[in-house]
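Reading through the structure tokens given below for one structure.
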Amino acid sequence: MTNPEVEAFLREHDTVLVPVGSTEQHGPHGALLTDVLVPNEVARRVAPRVGAAVAPTINYALSYPHAGFTGVVHIRVATFMALIED
């Protein structure tokens, strides 16, 4: 959406869905963004039904169990919580 489209949307609605997912490994066959793509698609499909817009996805989350695998990006709990709160 463009800025004017967002302004027009917010005149009539007050819900924005923010998909959150991790950037982490999913074996040799899965995309690193699997945990980002799925919630983004769910939000995209749900949004028209509930009168919501979909914000850009937050691609970084808590991925400690996957630490050590190539391509994993994990952030500290405090950073994640601050990002969600803000």
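The values are calculated or read from the model by the stated rules, or taken from the named source; none is laboratory data. Every value quoted in this text rests on a predicted model; they were computed, and no experiment measured them. Virtual Cβ from ideal backbone geometry, glycine too; neighbours counted across all protein chains shown. Ligands, DNA and RNA are stripped out before the accessible areas are found, and what is left, the full protein with its side chains, is counted by its heavy atoms. Shrake-Rupley method; radii C 1.70, N 1.55, O 1.52, S 1.80 Å.
Values as computed for the structure displayed
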item	result
Dipole axis of the chain (+1 Lys, Arg; -1 Asp, Glu on Cβ), positive-most option in Gly21, Thr34, His74	Thr34
Shape of region 39-86, Cα gyration tensor, a/c cut at 1.5	oblate
Which labelled figure in [x] 12.8, 39; [y] 12.1, 35; [z] 15.2, 46 is Rg and Dmax of the Cα atoms in Å, once derived from the coordinates	[z]
Accessible carbon and sulfur surface of the chain relative to its total accessible area, %, 1.4 Å	60
Point-to-point label distance, Val77-Ala52, nm (Cα→Cβ direction, 7 Å offset)	2.6
Calculated from backbone phi, Karplus (6.51, -1.76, 1.60) coupling profile of region 45-56 in Hz, x at Gly/Pro	6, 7, 3, x, 6, 10, x, 10, 9, 10, 7, x
